[in-house]
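Laboratory data are not the source of any read-out in this text; all were calculated from the coordinates shown. A quick note: this is a predicted structure, and the numbers were derived from the prediction, not measured. Please note: Cβ atoms are built from the backbone with ideal geometry, for glycine as well, and neighbour counts cover all protein chains shown.
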C-alpha cells in the first residue's frame, strides 16, 4: 500500500491513493480549456475603445433588462421587473459591498445584513417620523452604517479570522433582536408607510410610485455602477494593494510596514456603508419592513454569492449575486425543492470551482505558481502534497 | 432587576448548567474539527439534528410509549444513545467524504469549505424536512421527571442530573482518548503541525476521519440527551443549538477540548443569568456581548486554542 | 466505464452542447430585439396587454399566502377552502367562468411585492389573502394601487384597516377584538388575579399579547413582569419557566403559534407550574396538543375569531365536502377561506366582472357565510366579528361558543 509513496521517498503514513488522486486531479485540470484565462488575456490585449465598448454594451443590456420579453424567459412564474430590484439588484449591491470586506481584505463577515438593516431602519424612521426626503436620508443611512461599522470594527478587527466571523455573526443577531425589542423601530410589527423617493412627474424612469418597479431598478443600477467604479479605483490604488497584502498574509503585510489594522477598518467601514445604501434603497421601495427581513440567512446568502462568483473578482461577484438571487425565483415551480437544490449547487460548485466561477486574477496567478498561501494547516497539508508532486 | 436576579439565582444556575451540558457536547464537534483543520464545520448542527431523529426512530422501533424505570430505562437509553451516536457519526463521516475531502485536495481556501458546509447544512435540513415534514416531532416520555432535591429555590430533577452527568462522563472519555491513545496522539500532532505530523508517519486522512467521528459521537450523545430532556425535534432544530455550541466553543477557546466544556457551561449560565437580569428577550444579546468582551481580553477564548496543548 | 465507451458519449455531448448553444444564442438574440422594441414604448405595451385581457375568457381570482415553507399549513388550509368553493361554483355552471391562480409567498413579506405584481400582469380581479399580516403590509399597497380586490380570511393585525385601502377586506375579527376578549375570559371566566403574559416576539404574537397586557389591568388583574418575549425557534425556555414559577401566577397567557406554545407549556408543567394556559388563534391547532402532550394540554383555553362550523347544517355540509375533496378535516381558517372565496364568487355571479364592480358589490351587500354573516364596514373590516373560545378536553379542542356569551 505504501510502496509507491516510499519510492518517492515519502513518509509511510501518506497513502499512495492520495497522491494518485492528487495527480489525477492535476491532469484533469490541465486538459480543461482555460476559457477565463483566454477571456482575461483578450481583455488585456483589447484596445481601450474596445474595452469601453464592451462596458457600454453591458450597461445597455442592464438598462434593457426589465423588458417583458426577457422577463418571460427569466422569471415566468414571478414578476421579473420587481425581482430585478429585489432580490437581484439589492443582492448585487450587497455582494459588491461584501466583496470589499471578504474578497479584497480577506475578512470573514457573517453579520453583513446588520448594516443593511441599519440603512433600512434609518430610511424608515427618518422617513416616517421626521418626514425627511429620500435623498437626504440616503447619505444619512450611509454615514450611520459606516459609523456602526467603525464601532463594531474598532474593538474587534484585531481578532483573527474565525473569531471575527463569530463576532460579526453576533452583531447581526444583536441588531435584529434590538429592532424586535425596542419601540422606536416598531418592534416585531416593524414600520409601515415608508415614503418613496420624490418623483419628477412625467419622466417615466424618475417617478417613484407603488406599481412600477422599474424606476427603483434604475436607481439601484445607478448605485451599483457608482459602487463598482469606486471599488475598482480602490482595488487598483495603494489601499487595494494593502488589502491584497493583508488577505494573502497578514503577518507579512504588518512586517512590511502596512498598517493592517487601519486598512482592515477601512475595508469594514466601506463595506458597511455600501450595505447601508442598499438598505435605504430597499426600505424606500418596499413600503413596510420588519425585523424578519434581516435574518442571518441573508448574510449567508450574500456571502455565498461572493464566494460562488469568485471572491475578489468584481464581475464574478456580480454574476454570483445575480445567480443566487435569480435561481430561486426562476425555479418557483420547484418550490419545495428550492433550498435543497440551492444547497446541493453550493456543494457541487465549490468542489469543482473552489475559487468561484471566476477566480480573482491575483489569486489565479498564485494558483498557477503552486499555491503559496499557507496560513492554515489545510493549506499546509496541501503544500506537503505539492512538494510530493515535484520530481 | 437585581431582586429578580437574586430570586432566580439558584433555578438559573441549575437550568444553565443543564442546557450548558448539551452546548458543551455539541461544541466538542466544532472544537475537534477546528483544532485539526482550522475549519468551521458549519454543518455540525445537522450532525446533531440527524442524531435526534435517529434516537427518536429507535424509540418508535422499541415501542416505547410511556416512562420506564430501572434496567428497562437504562437499556432503552443506552440503545437510543448508540443509535444517536451512529446516526451522527455516520452523517459526520459522509459530510467529510462528500463536502470536505474533495476540497482539501483542490484548494487552500477555507472560505470555499465554509460555503460547502453551508450547502451541506441546507441540503441535510431540506432532506429531513421533505421526508419527515416541517412540523415538530415529539418524543414519548422515556424517563420520569422526578424532583430529587432542592438547591435554594432551584429544583434538581432526575433528567437534569442525567444530562449533566452523561455529558461530563462523555467529556472525560473523549479527553482521555485524545490524550492517551495512539490515534489521539495523531490528532494532537496534526492539530499542532500537520506537515511535521505527516513526516512523522501520521496518516492525516485517518486522523481527520477520526476527528469527525469523535465529534459525531459527542453530538449523538447530546442528541439523545436533548431528546429525553426536551422531548422534541424538528428538521431545523440543529441551527440554533449549533450556533450556541459554536459560540461556546469560541468562548472556551476553540480547538481546546476542555475549553468546549468550560465554554458550554459558561454560556448556559450567562444566558440564564442574563435572562433573569434583563428579561428572556435579551438573552442572546447578553451572550454575544459577553463573548465579545471575553475575546477583547483573551483573543483566543478563556483557555486558549491549542488542542495539542490541552494536556500540556 | 471503459475508455472506449466514453468517446462516443463525449462526442454526443459536444454535439448536444453545440445545439444548446445555438438555441441559447438565438433566444438571447430574439430577447434583445424584443426588449429593444418593448422598451421604446413601455406604456403602450402594457396598455395593449390590458385590452387583451378579457379575450382570455375566464376571470382569474387568486389565493395569496404561504403554500410551501415553514408556515405553509395555514395557507394550505385556506387555499383548500378556496378550491372547494370554486369547484362548487363551477359545478353549478352559472355565471362567468372563473379560474384560480396560486401566489405562494412562503409567508415572506419581501417576496410578496413580486407576486402582487405578478397578479397584476395575470389580470387577476380579486384575491383571497394575503394570509399573514406581515406580507399584507407589502402586498396590499400594490393591490390597492392596481385596483385588485383582496379579502383576507386570516390577517388579524388591526393596523391593516387604518391605511385607507379601499380594495382591502377582512372577514375575521382583528386582534383589537380578540385581545380584549381573551382578557375578559381570563378575568371573568377564570377569575385570575395574577397573570404572566408571554409572547414569541413575532408581529402577530407580540401584537396580541401587548393588547392583553394593557387590557388586563382595567379588569383588575395584575400582570407580572415575568416572562415577556421568548425565541420561538429555541427549545430551552428554562429562564422564562423559572421566572414564571417564581412569580406564582394563576394564568399564563401566550401570544404566538402552536409549536412554541406546546414546548413552553410542556416545560412549565414539567417544572410544576399549574397555572391555566390561555392562548390565541395561532395555537388553535391539534398540533398544539401533540407538542405539549395531552395530559399537559388538557384544560388549556384558546380564543379564535374563527367560528366552529360543525354546529350548523351548512357547516356540516362544508365539512363533509372538504373531507371528501382533500381527505383531511378542515383546518384552522379553512372555513374562512371558503367564505372569502364565496363572497368574491357571489359578486362575480351577481354580474360584477371587473375588480371595481366586485369592490362596490362587496361594499353594498351582506353575505351569509358558513362561519358568520359578513358585512363590511367603511374601512373594509368586518362589522362585528365575534371571538370564540375553545378548550382542550381529553386531547381535542372543543368549542365553548362566543366569549361574550361565556363571560355573560
Length-normalised contact order of chain B, Cα under 8 Å, at least 6 apart, in percent, tallies to 36
Computed from every Cα-Cα pair in the protein assembly as shown, P(r) in 10 Å bins starting at 0 and rounded to whole percents is 2, 10, 18, 22, 21, 15, 8, 3, 0, 0
Chain C, Gaussian network, Cα under 10 Å: of C:180, C:113, C:368, the residue fluctuating most is C:368
Expressed in angstrom and rounded, the centroid-to-centroid distance over alpha carbons for segment A:133-178 and segment A:276-320 is 15
In whole percents, the bins of 10 Å from zero upward hold the Cα-Cα pairs of segment A:138-277 as 10, 28, 31, 20, 10, 1
Checking rank on A:87-99, B:110-122, with mean other Cβ inside 10 Å and highest first, the result is A:87-99, B:110-122
Segment C:164-244: spread of alpha-carbon positions along the three principal axes, whole Å, largest first, is 48, 33, 17
Per the rule of 0.36 nm per residue minus the C-alpha distance, extending residue B:180 to residue B:156 adds in nm 5.2 nm
For chain B, the Cα gyration tensor yields equivalent-ellipsoid semi-axes (√(5λ), largest first, whole Å) of 30, 24, 19
On the formula 1/(1 + (r/R0)^6), with r taken between the Cβ atoms of residue B:200 and residue A:196 and R0 of 60 Å, the FRET efficiency rounded to 0.05 is 0.35
Here FRET efficiency (C-beta to C-beta, residue C:70 to residue A:236, R₀ 35 Å, nearest 0.05) is 0.20
If R0 = 35 Å, then residue B:165 and residue B:98, at their Cβ-Cβ distance, give a FRET efficiency to the nearest 0.05 of 0.50
Put in order of increasing Cβ neighbours within 10 Å, starting from the fewest, C:91, C:150, A:237 give C:91, A:237, C:150
Put in order of increasing Cβ neighbours within 10 Å, starting from the fewest, C:354, C:319 give C:354, C:319
Expected sort for B:294, C:302 with the fewest Cβ neighbours (10 Å cutoff) up front is B:294, C:302
Rounded to the nearest 10 degrees, the helix C:258-270 long axis (Cα) sits at an angle to the longest Cα principal axis of chain C of 30
Taking N as the number of residues in chain C, the ratio of its alpha carbon radius of gyration to 2.2 N^0.38 Å works out to 1.17
Taking Cα atoms only, helix B:44-62 is inclined relative to the longest principal axis of chain B by an angle, in degrees rounded to 10, of 50
Helix B:110-132 sits off the longest principal axis of the Cα atoms of chain B, rounded to the nearest 10 on a 0 to 90 degree scale, by 40
With only helices counted (DSSP H, runs n ≥ 4, each -39500 (n - 2.57)), the per-residue ellipticity at 222 nm for chain C, to the nearest 500, works out to -15000 deg cm²/dmol
Comparing C:106, C:145, C:267 in a Gaussian network model of chain C (Cα, 10 Å), the one with the largest mean-square fluctuation is C:145
Cα-based Rg then Dmax for segment B:1-138, in Å, read 18.8, 58
The simple spin-label model distance between residue A:60 and residue A:154, using points 7 Å out along Cα→Cβ, in nm, is 5.0
The rounded separation in angstrom of the Cα centers of segment B:1-65 and segment A:102-128 is 31
